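Some notes on the structure that comes next.
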Amino acid sequence: MRTRLLRSLSVVKSTMRLTARPALRVASAEAAHKLLWTHLSGLDREHLWRIDLDARRGLLGAELVSIGG
């Protein structure tokens with residue numbers, strides 16, 4: 001059972017490496033600011049965003065968490 005689970009995990013890891021190749025790198029807080037400023041400037045309320053990065057600072061995704069009132 002354990003061997004089968006370990007084999008499955010190794011297949012998943014190799015698949016993730018092949019498919020998850022972020023094209024955009026966010027090297028610093030300033031880079032994140034520049035990336036988001038164009039989209040968030042001029043809004044009439046505060047927006048809280050979560051940005052997901054991989055270990056090499058590649059952008060994996062972003063999610064709007066909440067909008068202030």
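Observations on the structure shown:
- For segment 19-69, the spherically averaged projection of the C-alpha convex hull amounts to 4.0 nm².
- Near the amide H of W49, within less than 5 Å, lie the amide hydrogens of V65, all on another chain or at least 5 residues away, with H placed in the peptide plane.
Here, each number is a calculation from the coordinates, and none is a lab measurement. Keep in mind the model is a prediction, meaning the values are calculated, not measured.
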